[in-house]
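Asks: After the structure tokens below, expect a handful of questions from me.
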Amino acid sequence: MKISVIGTGYVGLVTGTCLAETGNEVLCIDIDQNKVAQMQSGVVPIYEPHLDVLFERNIKANRLKFSTSLSEGLEHGDIIFLALPTPEDEDGSADLSYILGVAKDIGKQIKEYKVIVDKSTVPVGTSDIVKETISNETNVEFDVVSNPEFLREGFAVDDFLKPERIIVGSSSEKATKLMQKLYKPFVRSGNPIIIMDERSAELTKYAANSFLATKITFMNEIANFCEKVGADVDMVRAGMGTDSRIGKRFLFPGIGYGGSCFPKDVKALFKSGQENGYEFDILKSVIKVNDIQKKILIPKILSQYNNSLKGKTFGIWGLAFKPETDDIREAPALYMIDELLKEGASVRVFDPEAMNNVEKKYGDKLYYSEHMYDATMDVDALIICTEWSIFRTPDFNKLKSNMKAPVIFDGRNLYEVNDVNSEGFSYTSIGRNTSN
């Protein structure tokens, strides 16, 4: 099949590349000329495990191409995916200006039947608005389908190639058949393609992300309460997670969730509720608790140093919002950095993939380390913000040799309390009695 993908961010590029991997002819469109030129020369503009292999293979096979021309994309594709950003607006709602701008241009340029697919995460009713926007510009037949993505950054390629389920929101039998044909190679093991109406499909994505964010936030509240009453959140988590009704995933406490999806989607669903006369009290609490949780270590750090961080130096391991990505959007590490700088501290940072993105944001305000131990040289304490695998088994003797004092603030509970204490460290984590 011939597919066009408008937008080459995480979702668009993974979608286009993975669809090419199953033999489709894919043309990816982006207005950024430098980015398109980069991709045409075989350079992947984002870090996503395994994407580079598929990217290179499908470019060589002539199944994956790139252009800045929307008209070229419309002419090429039978199915047109809209994988455009829906950033958080000032009031917390989703900004649809990119999607509606492209929809209007599609209406002006469309010449024959196309299936327009909303791949972006959008509020309930967006498919109707897109349909109306295109219809205002043309009499050509088309259909609009909602096909939300459920890709985890760091696992996006695997998630696309081996989906747990595929959601297709469509009221058109013709469009539904085309989407089923497109996705058939991805569900050979029997995982379902679930067909529903467009509004239900749109809400499914927001509901799923908001539920997961709520689960994380609830566990963070339990962890904070554990510290008050002397319980151990690791034991509580194990006791809860073995209940099949609850499950083991998303029960790990820490310094809050970040990224491009959870913060934005929770706020957008909350705002959408208000616009429709419904108050999501749970989501209001989730937003509030997560904002606090991102800075939950700061009072503990201040307490360690008599409420003054001036002249202190801190090393930070982990800058991306999660491992296996270079994405720093809403990353808890950034909130930590801001607070430390505000208090007059110096900060040395290290992350396997996100250093360049952080440097673009902070410039010369930070020291950027070439390797993880370089970030611990002459620091008063080490702060762990992202649970990259390389941080899980450090050389504690080397850390002690590098650091001014053996002090660790662990925002991801990477280590066993007794193990770190036995190495002679003062160790503070989340929801556990960790002070030595």
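The values are calculated or read from the model by the stated rules, or taken from the named source; none is laboratory data. Predicted model only: the values in this text are computed from it and were never measured. Here the Cβ positions follow ideal geometry from the backbone for every residue, glycine too, while neighbour counts run over all protein chains shown. Remember, those area values only see protein heavy atoms, side chains included, never the ligands or the DNA or RNA. Shrake-Rupley method; radii C 1.70, N 1.55, O 1.52, S 1.80 Å.
Asks: Please give the peptides 3-15, 199-211 ranked by average Cβ packing (other Cβ atoms within 10 Å per residue), highest first, as a rough proxy for protection. Before the final figure, lay out the partial values.
Replies: Values: 3-15: 24.9, 199-211: 19.4.
Those peptides, ordered most packed to least, come out 3-15, 199-211.
Asks: At 1.4 Å probe size, with the rest of the protein present, what percent of the exposed accessible area of the chain is carbon and sulfur atoms?
Replies: Solvent-exposed carbon and sulfur of the chain make up 48 percent of the total.
Asks: Could you pull the Cα extents of the chain along its three principal axes, largest to smallest, in whole Å?
Replies: If we take the Cα atoms of the chain, the spans are 71, 48, 42 Å.
Asks: Under the 0.36 nm per residue contour assumption, what length would be gained going from the current alpha-carbon distance of Gln40 and Asp374 to full extension?
Replies: Working: separation 334, 0.36 × 334 = 120.24 nm, distance 3.63 nm.
Difference between extended and current length: 116.6 nm.
Asks: Calculate the FRET efficiency for Lys310 and Asp89 from the Cβ-Cβ distance with a Förster distance of 41 Å, rounded to the nearest 0.05. Each step should come with its number before you reach the end.
Replies: On the way: r = 37 Å, r/R0 = 0.91.
Here the calculated transfer efficiency is 0.65.
Asks: Using only DSSP helix segments of four residues or longer, with each worth -39500 (n - 2.57), what per-residue ellipticity at 222 nm results for the chain after dividing by its residue count and rounding to 500?
Replies: On the way: 17 runs with 184 residues, N = 436.
Mean residue ellipticity at 222 nm (helix-derived): -12500 deg cm²/dmol.
Asks: Using a 7 Å offset from the Cα along the Cα-to-Cβ direction at both Lys108 and Asn276, what is the distance between the two label points in nm, to one decimal?
Replies: Here the answer is 3.2 nm between the modelled labels.
Asks: For the chain, report the accessible area per residue in Å² (1.4 Å probe, heavy atoms, rounded to an integer).
Replies: 45 Å²
Asks: Could you work out how much longer the chain between Met196 and Lys400 gets when fully extended? Use 0.36 nm per residue separation minus the Cα distance between them, nm to one decimal. Each step should come with its number before you reach the end.
Replies: Working: separation 204, 0.36 × 204 = 73.44 nm, distance 5.75 nm.
Extra length from Met196 to Lys400 when fully extended: 67.7 nm.
Asks: Here's another thing I want to ask about it. Taking the alpha-carbon distance from Lys398 and a cut-off under 24 Å, which lysines remain once sequence neighbours fewer than 8 residues away in the same chain are dropped?
Replies: Straight-line reach from Lys398, under 24 Å: Lys312.
Asks: Please sort through the DSSP H helices of the chain and keep those with an alpha-carbon extent of at least 30 Å along the long axis and a Kyte-Doolittle average not below -0.5.
Replies: The qualifying helices are 198-229.
Asks: Please give the net charge around Asp197, taking every other residue with its beta carbon less than 15 angstrom from that of Asp197, where Lys and Arg add +1 and Asp and Glu add -1. If you can, show how the numbers build up before the last one.
Replies: Details: positive: Lys131, Arg199, Lys205; negative: Asp118, Asp128, Asp143, Glu173, Glu198, Glu202.
After counting each charged neighbour, the total is -3.
Asks: Distance cut-off 31 Å, Cα to Cα: go down the list Lys248/Lys294; Lys65/Lys108; Lys104/Lys322; Lys60/Lys119 and report the pairs above it.
Replies: Working: Lys248/Lys294 22 Å; Lys65/Lys108 24 Å; Lys104/Lys322 36 Å; Lys60/Lys119 26 Å.
Lys104/Lys322, as the Cα separations exceed 31 Å there.
Asks: Under a 1.4 angstrom probe, counting protein chains only, how are Arg432, Arg392 ranked by accessible area, largest first? Spell out each step's value before the answer.
Replies: On the way: Arg432 15, Arg392 110 Å².
So, going from the largest accessible area down, we get Arg392, Arg432.
Asks: A further question on this structure: Hey, how many Å between the Cα centroid of the stretch 93-170 and the Cα centroid of the stretch 234-295?
Replies: One Cα centre to the other: 26 Å.
Asks: Turning to a different aspect of this structure: How many percent of DSSP beta bridges within the chain run antiparallel, rounded to 5?
Replies: Numbers: 2 of 45 bridges.
Here the share of antiparallel DSSP bridges comes out near 5 percent.
Asks: Under the classification rounded if a/c is under 1.5, otherwise prolate if a/b is larger than b/c and oblate if not, where does the stretch 26-131 fall, given a ≥ b ≥ c as square roots of the Cα gyration tensor eigenvalues? Walk me through the intermediate numbers first.
Replies: Numbers: a/c = 2.11, a/b = 1.38, b/c = 1.53.
Oblate.
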